[in-house]
Amino acid sequence: MGIKGLTASTTLASTSGAGLKVLVIHTRWNLSIVDTLTAATVAKLIELGVASSDITIKQVPGAYELPFAAQALLKTGAYDAAIAIGVLIKGDTMHFEYIADASTQGLMRVGLDAKLPVIFGILTCLSEEQALLRAGLGGPDGKSGHNHGADWGVAAVEMALLNKL
Ligand code: DLZ
């Protein structure tokens, strides 16, 4: 329970995403969780008025590839925003730290260079349990937690509209 107005919100009052073209790129790593996050993202975009025909979904191998894919696809000029979705789960080596850092920095750079919003939809989790909870798949019932994908859909519409002011 958070303080109203200070917590992450999946509602965006009196805002329409109609006419916006949104690129969604997701990884194949941790695909069952990523699919659930992507589905919530797309559902929220549609709820906010983005036409399903204006949503393009592409996939890449892993989170490390997300920045390059975002750069390659955004430079076509076909999109108003991109959402990069992946799940990084810490293992026994330093892979997690390097990929998390590279993909975070890379996505920020791609967005600033392209002057387009690139939404950070990568969960960086210390366990699979953490990731499941953040996709609304946690707990004994497999339905607990909060699916962050919806938040990423809101963020994309909000930032794409801001970019058009
Ligand atoms: C190699 C790797 C590892 C260990 N873990 C993940 C992960 O948890 N989530 C993810 O999206 N990708 C992972 N990868 C793959 C890298 O992101 C990348 O695809 C490969 O290193 C090839 O560049």
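The values are calculated or read from the model by the stated rules, or taken from the named source; none is laboratory data. This one's a predicted model, so the numbers in the text were calculated from it and none came from an experiment. We place every Cβ from the backbone using ideal geometry, glycine too, and count neighbours over all the protein chains shown. With ligands, DNA and RNA removed, areas are computed over all heavy atoms of the protein, side chains included. Shrake-Rupley method; radii C 1.70, N 1.55, O 1.52, S 1.80 Å.
May I ask you to derive the FRET efficiency for Leu126 and Thr76 from their Cβ-Cβ distance with R0 = 25 Å, giving the value to the nearest 0.05?
0.10
Pairs of Lys residues in the chain, spaced 8 or more positions apart or belonging to different chains, with C-alpha separations under 27 angstrom: 21 in total. Computed over the stretch 22-110, the P(r) curve from all C-alpha pair distances, binned at 10 Å from the origin, holds 17, 47, 30, 6, 0 percent per bin. Note on the stretch 56-159: with neighbouring protein chains present and a 1.4 Å probe, carbon and sulfur make up 57 percent of its accessible heavy-atom surface.
Under Stokes-Einstein, with the Kirkwood radius over Cα pairs as Rh, the value for the chain at 20 °C and 1.002 mPa s is 134 µm²/s. Solvent exposure of the stretch 40-165, expressed per residue, is 52 Å² of accessible area, with all protein chains present and a 1.4 angstrom probe.
Amide H contacts for Gln59 (H built 1.01 Å from N in the peptide plane; partners 5 or more residues away or on another chain; cut-off under 5 Å): His26.
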